[in-house]
Amino acid sequence: MNGTINGTEQRPGVVTAISPDIVTVQIQQQSACSGCHARDLCVSSERREHQLQLKTYGQHFSIGEQVLVVARRSVGRLAVLLAFVLPLLLLVLTLSIAQTFLALSEATAVLVAIGLLILYYLVLYTQRQRLEGRLVLMVEPVTPHHE
């Protein structure tokens, strides 16, 4: 995310749809090239748009409104841990144990590792509602509403 305030990360976005208690916000994900001085001349500069559906928690927004998507840094760290670090460790440990201690062939060790990764992601999927309470993104207006 781009900005940093009090242990949070922020990214600007635009409201594209509104439904009761949910707002859809479009944000742009930029590659590491965004900080490069030659990015306007380079053809490899990447930009992708993402649509996020976020709870409004009683706030009111309008379509086209500029907003900030805000997350605590700990949310990002937990997401990276669950999505990338733990699966990588599971993969490496499974392959090592399967070949070293169980004397399995490479092909069998890979199949066992893939099976455990599938099981890991299935467990994550079954725990999605529990994780949803911990992996929270907030949406805030860029300028406070005056009601």
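Results, tabulated for the structure shown:
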| read-out | value |
| --- | --- |
| Subset of segment 48-106 (residues that are within 19 Å of GLY7 (Cβ to Cβ), assigned to a strand (DSSP E or B) and basic (Lys, Arg)) | ARG72 |
| Identity of the residue in segment 1-43, outside any loop (DSSP other than H, G, I, E, B), among the polar types (S, T, N, Q) and open to solvent by 60 Å² or more (accessible area, probe 1.4 Å), that ends up modelled with the highest pLDDT | GLN28 |
| Residue match in segment 84-99 (condition: surrounded by fewer than 11 Cβ atoms within 10 Å (Cβ to Cβ) and within 28 Å of GLN26 (Cβ to Cβ)) | yes |
| Qualifying residues in segment 62-86 (those that are hydrophobic (A, V, I, L, M, F, W, C) and touching a Pro at 6+ places or on another chain (Cβ under 7 Å)) - the one nearest to LEU117 (Cα to Cα) | LEU68 |
| Selected residue [modelled with pLDDT under 90, part of a helix (DSSP H, G or I) and of a type in the set (A, V, I, L, M)] from LEU135, LEU131 | LEU131 |
| Single condition TYR57 does not satisfy, out of (1) modelled with pLDDT of 80 or more; (2) buried (at least 16 other Cβ atoms within 10 Å of the Cβ) | (2) |
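The values are calculated or read from the model by the stated rules, or taken from the named source; none is laboratory data. Just so we're clear, the structure is a prediction, and the values are computed from it rather than from any experiment. So basically every Cβ, Gly included, is an ideal-geometry build from the backbone, and we count neighbours across all protein chains shown. These area figures cover heavy atoms from the full protein model, side chains too; ligands, DNA and RNA do not enter into them. Shrake-Rupley method; radii C 1.70, N 1.55, O 1.52, S 1.80 Å.
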